[in-house]
Amino acid sequence: MPDYENIIYEQDGPVVTITWNNPETLNAITPALEREFHDALDVANADPSARSIIFTGAGRAFSSGYNIAGSGIESEVGGPTQPVSEHLERWFRFSTKNPDMMMHLMTLEKPIIAAVNGWCIGGGFWYSLAADITIASDRAVFAQPEVRMISNSSVLFAALAGWKAAHRYALTGDHFDAQEALRIGVINEIVPTEDLMEKADALARRLALVPSHSIRYNKLITARGLEAMGLRNALNVGSMLSSMVEASADGREVAHLDAARETGGFGAFLRARDEPFIPEPFGPRSEG
């Protein structure tokens, strides 16, 4: 099996399970984790004995999204205090990778099941949207709270949930539970937390019974059809607008967030960002 530092790659018969394995950060997405994840997808895709893929997160979260706690994204793009031109350039280079990463899942020859346990936030939420099938535990919580500090959503949200439903959460950053995720169409099924991996494995094995050529080409019918309808262009435009969004995060409306981080650390930053929105209709809350 491949040797990774940030993920666990396991194979049991025809099923490969890829686990994001940084539970202490709620599986926050770092450049290293993201590189290993996409490499693991390619490894599974090239292995004829692997017929389906599950990906999930270790511990009490699927993923808390891209790491904004002082490492991760900032190691690639720097902070908002750098010159605007440099800030834009670095965010542009970072953001324009995203369409290829999302389409990588959608165009892979093997079917991908996202098994969502606990928190599914920000970039982690985007990856769950790009999976072929998403099964959530009854404790799953979804959100993009980063919009409250000036950040961007993904057009995949609106593509699956519709404009109105997506904007209810993409514009507020509000959290929503698994039942709401099912209602608006961003997941396929809700199962008890203790049954999540068993249910995902059973579905993965069911998919493995289908001839591989049928899976491959039927996935491409959907993925290439959506590309022809403009999905790739929409993702590309979104990635470019992301650069503008992130370069805007230096004004008076968010100055109090930077001040909170400087005086009280990351926890104070999160409290300053999210406490004005409490109570929320569905959370935030997650027990596992």
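The values are calculated or read from the model by the stated rules, or taken from the named source; none is laboratory data. Because the structure is predicted, anything quoted here is derived from the model rather than measured. Heads up, the Cβs are rebuilt from the backbone with ideal geometry, glycines too, and the neighbour counts pull from every protein chain shown. Heads up: the accessible areas ignore ligands, DNA and RNA and are worked out on the full protein's heavy atoms, side chains in. Shrake-Rupley method; radii C 1.70, N 1.55, O 1.52, S 1.80 Å.
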Please work out how much length the chain gains when fully extended from Glu5 to Ser85, using 0.36 nm per residue of separation minus the C-alpha to C-alpha distance, in nm with one decimal. 25.4 nm
Counting only protein heavy atoms with a 1.4 Å probe and every protein chain in place, the carbon and sulfur fraction of the accessible surface of the chain in whole percent equals 56
Calculated Rg and Dmax of the range 20-167 using C-alpha coordinates, Å: 15.6, 50
1.4 Å probe accessible area per residue over the chain, in Å²: 46
The chain: Rg/Rh from Cα coordinates, Kirkwood Rh? 0.96
In angstroms, what radius of gyration and Dmax does the range 183-288 have, counting Cα atoms only? 21.5, 58
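Tally Lys/Arg at +1 and Asp/Glu at -1 over every other residue whose Cβ is under 12 Å from the Cβ of Pro14; what's the total?
My count for the surroundings of Pro14 gives +1.
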Gained length - His104 relative to Arg205, 0.36 nm times residue gap less alpha-carbon distance: 34.2 nm
Radius of gyration and maximum dimension Dmax of the range 114-268, Cα, Å: 18.0, 58
Exposure of Glu89 as accessible area (Å², to 10), given a probe of 1.4 Å and all protein chains: 90
How much of Asp250 can a 1.4 Å solvent probe reach, expressed as accessible area in Å² and rounded to 10? 90
Sticking with the crude label model, points 7 Å out along Cα→Cβ, report the distance from Arg168 to Asp42 in nm, one decimal please. 4.0
Against the 2.2 N^0.38 Å scaling, with N counting residues, where does the range 180-244 land? I'd like the Cα-based Rg ratio to two decimal places. 1.55
Shape box of the range 128-182 [Cα atoms, principal axes, largest first, Å]: 29, 22, 17
Given a Förster distance of 45 Å, the FRET efficiency implied by the Cβ-Cβ spacing of Phe266 and His213, rounded to the nearest 0.05, works out to 0.40
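Could you calculate the contour length gain from Arg252 to Asn233, that is, 0.36 nm times the residue separation minus the distance between their Cα atoms, to one decimal place in nm?
3.6 nm
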Please list, in chain and number order, the residues 5+ apart from Ile7 or on another chain whose amide H is under 5 Å from its amide H, with Hs placed from the backbone. Asn21
